[in-house]
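Bear in mind that the values in this text are calculations on the coordinates, not laboratory data. No experiment lies behind these values; they were computed from the predicted model shown. For neighbour counting, all protein chains shown are included, and Cβ atoms are generated from backbone atoms with ideal geometry for every residue, glycine included.
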Amino acid sequence: MTNLIIFLSLMVLGYLAGSWAERRHYRSIAQREAQWIHLPAVTLPQAGIAPGTVDHAHLVSGSAVISIDYFKRFLAGLRNLFGGTVRSYETLIDRARREAVLRMKADAVGAAAIVNVRIETSTIGGHGKRGNKSTTCLEAVAYGTALYLKDR
Amino acid sequence: MKYTPRQGETNFNVSPSSIWRELFVLLAGLLAILAGLYLVMGLVVDLVAERLSPEFEARLGAAVSPRFHVVGQDDSRQRCLQQLADRIQDRCVHLPYHFKVQLVEDPRINAFALPGGIIMVLTGLLDRVETENELAFILGHEMGHFANRDHLRRMGRTLVLLAVVTIVFGPDSSLNNLVTGAMGLAELGFSRQQETAADQFGLKVLKCFYGNSCGADDFFAKIPKESDPGRFGHYFSSHPENRRRISHLRSLSSSDCRPEILKPLPECIVKGK
């Protein structure tokens with residue numbers, strides 16, 4: 001009975017805190033994406049910038065580690081039994097990637113474009129009590145080459 | 001190639017469907033699986049319970065009983081209780097067990113049947129008993145659980161279910177905690193039918209031992225004021241609510257029960273002697 005009460009409290013806490021943090025994060029992401037929208041970040045090696053106009057280029061990167069709440073982890077655990085799309089992890093990955101790209105852009109102040117952008121994800125920590133891996137934190141790293149133009 | 005800045009209107013990476021709906025569907029699936037397992041296992045356990053030998057049972061009982069704070073064998077009330085049980089068994093109960101009554105120091109009003117013919121009587125119950133007939137009925141009731149093998153069925157179901165849940169979810173997952181919590185609630189004791197059958201066995205024992213079945217309902221008539229589960233409690237306590245139980249016992253027991261035909265409690269069981 002005590003276990004059940006603890007479990008249900010954690011579920012409620014996880015749901016409330018998790019969805020609050022998620023809404024807040026999405027608001028912040030949307031606002032910063034609008035702010036950075038004119039800095040192109042593309043996967044191609046060039047972004048319509050003539051080679052002669054580039055002054056210098058260097059590596060920029062951004063990373064973000066996002067954790068999932070108790071409620072969503074429980075839901076994912078249930079999903080593991082039956083298989084199918086793990087919807088409760090979707091926002092986790094989405095937020096981590098977009099946050100990483102935004103931080104990469106913040107690293108490239110004054111650049112004309114970021115080219116060759118790559119995004120990678122990996123799980124952090126998450127060694128369960130039995131030593132097996134259970135996803136708890138997700139890290140997304142975004143990196144690319146920032147191009148800075150010559151002064152005219 | 002021209003770069004066009006664009007901010008997506010829709011987020012295609014996140015499903016729009018409700019998380020609560022997903023939770024509901026998944027939990028329903030889980031419950032359906034568990035219910036199926038439970039039904040199948042119930043049948044298997046019933047089959048096994050009827051075939052276990054009393055010797056094997058005694059070993060199971062030995063594994064379970066040390067958890068209780070048992071009153072020593074040389075306690076006079078304990079010995080007296082054992083003598084009463086022996087007399088009842090010699091004359092009226094023909095089962096392949098040698099019933100061993102153990103008095104447990106505990107203020108709660110209860111008695112249990114444990115594997116191996118062990119009947120645990122809590123002192124809280126013994127202190128409230130007033131006639132030998134009441135006590136004989138309680139012992140007869142517990143013997144009835146052995147006659148119907150209820151104690152093995154209950155233990156078997158709880159064990160197998162725990163085992164399956166542990167295999168499916170692992171020893172310490174949050175799912176496991178949820179399921180064991182819920183199961184503990186559902187498997188708290190014997191079912192209502194089992195209790196009623198044991199009551200009937202107890203009545204038969206009384207009838208055989210004293211020639212009448214008086215005193216059976218006396219004990220339960222005393223309980224309501226103190227620990228009647230009431231309207232909400234009956235789910236949590238598996239014994240049928242006392243009022244229902246009393247009326248059922250009354251309808252089955254002898255009609256003319258004058259107080260003089262009840263036997264007084266043996267001297268050695270009365271508290272403080």
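From the list A:60, A:42, the lone residue that is crowded, with 18+ Cβ neighbours inside 10 Å and either under 20 Å from residue A:119 (Cα atoms) or of a type in the set (Gly, Ala, Ser) (or both) is A:60. Would you call residue A:99 farther than 12 Å from residue A:146 by Cα, at the interface with another protein chain (Cβ under 10 Å from one of its Cβ atoms), acidic (Asp, Glu) and surrounded by 13 or more Cβ atoms within 10 Å (Cβ to Cβ)? Criteria not met by residue A:99. The set of residues in segment B:139-154 being closer than 22 Å to residue B:91 by Cβ and not hydrophobic (A, V, I, L, M, F, W, C) consists of B:140, B:141, B:142, B:144, B:145, B:148.
If the condition is being closer than 21 Å to residue B:2 by Cα, touching a residue at least 40 places away in the same chain (Cβ under 8 Å) and more than 8 Å from every other protein chain (Cβ to nearest Cβ), then segment A:39-58 contributes A:39, A:41, A:43, A:45, A:46, A:49, A:53, A:54, A:55, A:57.
Every residue, every condition in (1) more than 13 Å from chain A (Cβ to nearest Cβ); (2) over 22 Å from residue A:74 (Cα atoms); (3) touching a strand residue (DSSP E or B) at 6+ places or on another chain (Cβ under 7 Å); (4) not small (Gly, Ala, Ser), yes or no:
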residue	(1), (2), (3), (4)
B:8	no, yes, no, no
B:18	no, no, no, no
B:28	no, no, no, no
B:46	yes, yes, no, yes
B:51	yes, yes, no, yes
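When segment B:34-48 is filtered for residues that are without any contact (Cβ under 8 Å) to a residue 40 or more places away in the chain and surrounded by 14 or more Cβ atoms within 10 Å (Cβ to Cβ), nothing remains.
One residue alone among A:61, A:88 is of a type in the set (S, T, N, Q), out of contact with any Asp or Glu (no Cβ under 6 Å at 6 or more places or on another chain), within 9 Å of chain B (Cβ to nearest Cβ) and on the phi < 0 side of the Ramachandran plot, and that residue is A:88. Might you check whether a residue that is more than 8 Å from every other protein chain (Cβ to nearest Cβ), over 30 Å from residue B:25 (Cα atoms) and of a type outside the set (Val, Ile, Thr) occurs anywhere in segment A:72-81? No, because not a single residue in segment A:72-81 is more than 8 Å from every other protein chain (Cβ to nearest Cβ), over 30 Å from residue B:25 (Cα atoms) and of a type outside the set (Val, Ile, Thr).
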